[in-house]
Amino acid sequence: MGLPWPAHAVRGADGAVRVAGVDLRDLAAEQGTPAYVLDEAAFRSRARGVRTAFEKAFGHLGAGVDVYYAGKAFLSVAVARWAHEEGLRVDTSTGGELAVALRAGVPGADIGLHGNNKSDAEIARALDAGVGRIIVDSLGELDRLVAAVRERTADGAEPAPAPVMVRVTTGVHAGGHEYISTAHEDQKFGLSVATAADGTSPAMTALERVVAAPELRLLGIHSHIGSQILDPEGFAVAAGAVLRLRAELAARTGCLAPEVDLGGGFGIAYLPGEVPLDPERIAKDLATTVDATCAELGTPVPRLSFEPGRAIVGPTTLTLYTVGTVKPVTLEDGRVRLYVSVDGGMSDNIRPALYGAPYHAAVVSRTGAARTVLARVVGKHCESGDIVVHEVQLPADVAPGDLLAVAATGAYGRSMASNYNHVPRPPVVAVRDGATRVLVRRETEDDLLALDLG
Ligand code: LLP
């Protein structure tokens, strides 16, 4: 069906949509709705595609590149395993995500742990699992990490240093179609590279502390500039700032950080006609920028890493709903908007309510009438902001019982789902070669009641 639908979604001659050979009518009958339907082959090929794009672009620079799948977009044991099988590492941002990656059998060395407020338990778990990198977000966290390593070091023994990246903010913040450049970012993540009156920056202070601490090993510098970025310019600006910081650190301490991570954030298409950021193009452009900047600074090219989440999983998944109430509402300007209620809503996709995010929807159980009407897809929650798709043309004869799919819900759909109104969260059902496999089962009322101690 083309973008923004999953790669293997096809509308058959009978008007019903199959994804990877699975008829969505059958899937709905077997699994119920709502359900997230994830195209496994699309996930694997997107993961592989991003990895190979970066390997191709950075290969000739000689320092290597790693792609981490950002699990916050959507993580389950199977998905972590697929990402790893496709040659990616896994980026986690909490102890919970770390637990899923470890349960999947991803070796600690191939996992990174983020978080602006890691607990001591999360730090301990990361050290015990031997994670490949802990991305430090504050000076306080550095102290706690040093203490945790010391605790694990026998009296008189050399500490086994924790591999550390320092997350910095470069003043570039990107997202959607815009990026703005500011001297200081008024937000919670990272340490600023901006120089204060005393001639140094919070980022440099942290880096120097890591270099000086025998309990820590400086692996690199990390920068993540935002999410759903469609304009690649911000990445190049951030790369330049990070590479300059790296060169400055080397000049001050003699320590050349071996690695630079430029984060994730590559934008995808949510609507027909929207052009996603092309991983090959961004990889090539960034390789050119990194090469030229390092040459200018006289520093060797570092190992690079990236952390895309949305660009890998977002387009692989649709949410399948059953249409319930259909209600025409006359607007002030005389137009009529058809309110189409589905059996889920803001509990399975908070993004429209939270960010005003646009989505696309279609009836997938049959060919609808050729005439379309202006429709708004809404959920079943007790809130007028419970909107799934603000505006979409749907067949004029859309009716209760139709199956309706919303495209590109793989990233931050299930991962930000809630139980608002005690609605159990939908399952994640993988489809591949005509077969279905439940990755995450549907929550039940019993699951919810089990938490309620009466
Ligand atoms: N790395 C770091 C350090 C991050 O903070 C994030 C996302 C990523 C990687 C992955 O970004 P992606 O490639 O998926 O854009 N809930 C929001 C998105 C929040 C992203 C937070 N950090 C949404 O639904 O749009």
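The values are calculated or read from the model by the stated rules, or taken from the named source; none is laboratory data. Keep in mind that this is a model prediction, so the values were computed, not measured. All Cβ positions, glycine included, derive from the backbone under ideal geometry; neighbour counts span all protein chains shown.
Considering each residue of the stretch 306-325, count those that are touching a Phe, Trp or Tyr at 6+ places or on another chain (Cβ under 7 Å) and part of a strand (DSSP E or B), and give that number. Residues meeting the conditions: 4. Taking the stretch 28-60 as the range and being of a type in the set (Val, Ile, Thr) and under 19 Å from Gly71 (Cβ atoms) as the test, only Val50 passes. Before we move on, is Arg133 farther than 21 Å from Tyr412 by Cα, buried (at least 24 other Cβ atoms within 10 Å of the Cβ) and not assigned by TED's automatic domain parsing to the domain that holds Ala417? Against the criterion (farther than 21 Å from Tyr412 by Cα, buried (at least 24 other Cβ atoms within 10 Å of the Cβ) and not assigned by TED's automatic domain parsing to the domain that holds Ala417), Arg133 qualifies. Considering the stretch 378-417, and only residues there that are among the β-branched types (Val, Ile, Thr) and part of a loop (DSSP other than H, G, I, E, B), the residue that is farthest from the chain's Cα centre (by Cα) turns out to be Val398. Candidates Ala121, Ala101, Ala126: the one that is more than 13 Å from the ligand (Cβ to nearest atom), surrounded by fewer than 23 Cβ atoms within 10 Å (Cβ to Cβ), among the hydrophobic types (A, V, I, L, M, F, W, C) and outside any loop (DSSP other than H, G, I, E, B) is Ala121. Checked against the criteria, Thr319 does not count as surrounded by fewer than 19 Cβ atoms within 10 Å (Cβ to Cβ), over 18 Å from Leu230 (Cβ atoms) and of a type in the set (Ser, Thr, Tyr). All of Ala369, Ala375 fail the test of being away from the ligand (no atom under 16 Å from the Cβ), assigned to a strand (DSSP E or B), under 19 Å from Arg11 (Cβ atoms) and more than 26 Å from the chain's Cα centre (by Cα), apart from Ala375. Report every pair of residues separated by at least 6 positions or lying on different chains whose Cβ atoms are under 6 Å apart, first residue within the stretch 63-78 and without any contact (Cβ under 8 Å) to a residue 12 or more places away in the chain, second more than 13 Å from the ligand (Cβ to nearest atom) and assigned to a loop (DSSP other than H, G, I, E, B). Nothing qualifies. Scanning the stretch 50-71 for residues that are buried (at least 17 other Cβ atoms within 10 Å of the Cβ) and part of a helix (DSSP H, G or I) returns Val50, Arg51, Thr52, Ala53, Phe54, Ala57, Phe58.
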